[in-house]
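Okay, structure first, notes after.
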Amino acid sequence: MSLSYPLLLVLGLLVAGGLSVGVVLVSRRRVAALTAAGLSLAGRRTRPLGLWFSLVGLVVLAVAVAGPAASLPVGRSAGTVILAMDVSNSMSADDVAPSRLAAAQQAALSFIDGQPDTVDIGVVGFDQGALTTSLPGADRAATKAAVQSLRVSGGTSLASAILGSLSAITGKPVAIGKDGALPDLGNWGSATIVLFSDGEDSGGGGSDVVTAASTLAQNAGVHIEAVGVGTANGTTVEIDGYRVHTALDADQLTAIAQTTGGSYHPASDAAELDGVASTIDLRLTVAKQDVPLAGGFIALALALLAVGALLNGVRTGRLV
């Protein structure tokens with residue numbers, strides 16, 4: 001237990017100690033006066049319990065005034081969240097109005113607004129590579145600005161999205177070894193990646209690299225919540241003068257989420273996508289937090305003072 005104002009406790013204890021000494025001296029003088037007057041207290045000895053209860057109540061009240069607090073484990077939503085935003089050319093498709101990217105940005109903004117201050121949020125935009133556009137932090141304005149500044153370009157590398165997000169979480173570059181070896185990132189169990197993508201992957205290495213990146217996140221204790229942006233039927237987009245068909249790959253996103261212990265959240269239209277923010281559950285972490293105890297001490301002090309007054313009234317016929 002800690003005290004915010006220890007000097008007030010010292011002062012309170014000095015006052016209580018002085019009153020205790022005063023009670024003892026008054027009691028002794030009273031006994032001496034009665035003895036000198038020839039009055040005997042034999043068979044009628046009573047102890048001023050009421051006064052002692054009152055004094056203890058004052059001591060407890062002094063502790064309350066000093067601002068006691070205890071560091072207790074408290075469960076709360078906390079940690080780091082990385083919004084991994086797909087900005088590949090396929091995200092310009094309009095099968096989700098006004099476009100996949102615009103709808104994903106709106107959903108991301110809704111997610112940011114719904115998070116407590118204890119959650120640090122960062123943004124990673126990815127196409128064939130990954131770029132951290134906003135480091136994890138509590139500045140919601142900067143995070144929103146990073147989301148709103150994203151523009152479509154290039155292909156899609158889901159592995160780069162995961163590795164870039166892990167880099168943002170750990171604060172150091174994360175890569176898979178040339179021989180496929182996975183680095184030891186330690187445990188980041190309070191971190192979550194929210195992946196907004198249509199699931200189409202055109203990165204080198206194919207599904208094996210995506211699986212390896214997902215396994216690396218799992219080994220680090222990082223959950224990936226995958227949000228599918230697009231429709232199964234898909235549509236066509238124009239890329240470098242060519243018409244290319246693009247459709248949601250829900251199986252790919254589901255596999256990524258399940259590998260890491262996360263969930264897949266389908267969203268086939270803007271309204272459904274905007275509501276995804278409320279379905280993503282962040283894990284509770286247990287953190288030490290100072291909990292004020294003054295209220296409990298005040299209640300105990302008032303109870304002791306009340307008992308003291310009652311006992312004093314019973315013994316003397318008066319409350320004071």
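The values are calculated or read from the model by the stated rules, or taken from the named source; none is laboratory data. Please read these numbers as outputs of a predicted model, since none were measured by experiment. Glycine also receives a Cβ, built like all others from the backbone with ideal geometry; neighbour counts cover every protein chain displayed. SASA here: full protein model, heavy atoms, side chains in, ligands and nucleic acids out. Shrake-Rupley method; radii C 1.70, N 1.55, O 1.52, S 1.80 Å.
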field: Å² of accessible area per residue within region 120-274, as computed with a 1.4 Å probe and no ligands counted
entry: 44 Å²
- line: Rounded to 0.05, the calculated FRET efficiency for the beta carbons of Asn187 and Gln148 at R₀ = 35 Å is 0.60
Inter-label distance for Leu19 and Leu310, nm, one decimal - labels placed 7 Å from Cα along Cα-to-Cβ: 1.9 nm
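Using a Förster distance of 25 angstrom, determine the FRET efficiency expected from the C-beta separation of Asp251 and Asn219, and round it to 0.05. Intermediate results must be reported in sequence, preceding the final value.
On the way: r = 23 Å, r/R0 = 0.91.
Efficiency computed from Cβ-Cβ geometry: 0.65.
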- request: Compute the Cα gyration tensor for region 68-151, then decide on rounded, prolate or oblate, letting a ≥ b ≥ c be the square roots of its eigenvalues: rounded whenever a/c is under 1.5, prolate when a/b is larger than b/c in the other cases, and oblate in all that remain.
  value: prolate
field: Solvent-accessible area, 1.4 Å probe, carbon plus sulfur percent, for region 82-168
entry: 51 percent
